[in-house]
Amino acid sequence: MELTNLTCEQKGAIYYITINREKQLNALNKQTILELNKVLCHCQEDKSIRVLILTGAGEKAFVAGADIKEFTDFSKKEGEELAQFGHDLLFTKIAKFSKPVIAAINGFALGGGLELAMAAHVRIATANAKVGQPEVSLGLIPGYGGTQRLTQLVGKGKAFEMILTGDMISAAEAYQIGLVNYVVATQEELITKAEAIAARMIKNSPCALKKSIKAINAVYGNIGLQNEIELFGQCFGTEEFKEGVSAFLEKRKPNF
Ligand code: CAA
């Protein structure tokens, strides 16, 4: 499998996926999403793989979001297609994956990065990690499931606060509100903790794990996700979107 933006490795029954665009803080561009999809398909087929651990390269970021530079001039239709593409190839695929996926959050998990971690089944963060949904500062809303999965994980009140302020929160606060399962002090401990949880899963029946994931997912419907995709698309092409992305590219605060 030829991969340019990921490094992958299997050790025993665990498959490690590292998103490797460190200079761009591991932002999810189209190529990375395609590669993640390819790797997920491989993991699905290979029976020797029982648990996946997903992390980001370096010590700064898990994933700093969707790659803003790829969609600065998108129309509403292209914006909607971007979200749909991400859901189909990656986010919904992970959420419904038949094997447990553990997100090891090694730094910033923002926008699509937090959405990726929330699509996974278990989240562990290092103490220096910061998480948030800053899309409103770009004139957007979360488009990879954030409005739905954040609300499911932390409740409506905290989801409103996080999405409407766009503020980042610390790993400690993320733990306090149930957004991450564990916080560890260092990056080494992050993988050790993920491996310990994976080991406890691996000793269980793969078939029962698959059905547990399916049953838990059945609590939630897809209508909200589809609605989010449409609303995300509607944000594109607006003057506020143009100001939001220009401000990001020019490294300044937006003026709405
Ligand atoms: N997309 C594209 N490039 C990104 C990026 C992103 N989401 N996040 C960071 N980068 C790039 C920066 O542009 C910069 O590149 P250059 O060196 O070429 O200028 C590089 O990564 C390093 O970033 P910074 O210089 O900004 O680093 P910093 O330490 O000053 O700030 C940060 C770190 C606070 C995480 C800041 O990078 C940031 O705010 N990033 C954007 C976060 C964001 O808005 N995410 C949401 C994206 S939209 C989305 O995800 C939509 C969706 O739901 C589908």
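Structure notes:
- In order along the stretch 132-138, the Karplus-derived 3J(HN,Hα) couplings, from 6.51 cos²θ - 1.76 cosθ + 1.60 at θ = phi - 60°, round to x, 10, x, 4, 4, 6, 9 Hz, and Gly and Pro are given as x.
- Residue separation of Q31 and N227 scaled by 0.36 nm, minus their Cα-Cα distance, works out to 68.0 nm of gained length.
- Computed FRET value (nearest 0.05) for E173 with Q152, which takes r as the C-beta separation and R₀ as 22 Å: 0.75
- Separation in nanometres of the label points that stand 7 Å from Cα toward Cβ, at T4 and K38: 1.0
- Environment charge of V39, counting only residues whose C-beta is closer than 12 Å and scoring Lys/Arg +1, Asp/Glu -1: -3
- Using the Stokes-Einstein relation with a Kirkwood hydrodynamic radius computed over Cα pairs, the translational diffusion coefficient of the chain at 37 °C and a viscosity of 0.692 mPa s comes to 180 µm²/s.
- Partner aspartates and glutamates for K203 [C-alpha distance under 13 Å; skip if fewer than 8 residues away on the same chain]: E195
- Debye equation applied to the C-alpha atoms of the stretch 183-256, log10 I(q)/I(0) at 0.16, 0.17, 0.27, 0.28 Å⁻¹: -0.84, -0.84, -1.13, -1.16
- 3J(HN,Hα) along the stretch 158-166: 6, 5, 4, 4, 5, 6, 6, 8, x Hz, from the Karplus curve 6.51 cos²θ - 1.76 cosθ + 1.60 with θ = phi - 60°, whole Hz, x for Gly and Pro.
- Summarising the amide proton neighbourhood of Q133: residues at separation of 5 or more, or on other chains, whose placed amide H is nearer than 5 Å comprise G111.
- Charge tally in the Cβ shell below 15 Å around V183, where Lys, Arg are +1 and Asp, Glu are -1, V183 excluded: 0
- Computed label-point distance, nm, for sites E22 and K60 using a 7 Å Cα→Cβ extension: 1.0
- 3J(HN,Hα) along the stretch 64-71: 8, x, 5, 6, 4, 5, 7, 10 Hz, from the Karplus curve 6.51 cos²θ - 1.76 cosθ + 1.60 with θ = phi - 60°, whole Hz, x for Gly and Pro.
- Our estimate of slack between Q187 and S246, defined as 0.36 nm per intervening residue step minus the Cα-Cα distance, is 17.9 nm.
- Peptides ranked, highest mean first, by Cβ atoms within 10 Å: ranges 95-106, 228-239: 95-106, 228-239
- Computed from Cα atoms, the angle from the helix 76-86 axis to the main principal axis of the chain rounds to 10 degrees.
- With the simple spin-label model, which puts each label point 7 Å out from Cα in the Cβ direction, the K11 to S98 separation comes to 2.7 nm.
- Separation of alpha-carbon centers, the stretch 154-188 and the stretch 22-52, rounded to whole Å: 24
- Only Cα pairs under 8 Å and 6+ residues apart enter the sum, and on that basis the relative contact order of the chain stands at 21 percent.
- Under a Gaussian network description of the chain, with springs only between Cα atoms under 10 Å, the residue in A13, A171, A125 that fluctuates furthest is A13.
- Given K130/K253; K47/K130; K130/K156; K76/K96; K30/K158, the pairs whose alpha carbons are separated by over 24 Å: K47/K130; K76/K96; K30/K158
Read-outs throughout are calculated quantities, based only on the coordinates presented, and are distinct from any laboratory measurement. Bear in mind that the values here come from a model prediction, so they are computed numbers and not experimental data. Don't worry about glycine lacking a Cβ; one is built from the backbone with ideal geometry, like all the others, and counts go over all protein chains shown.
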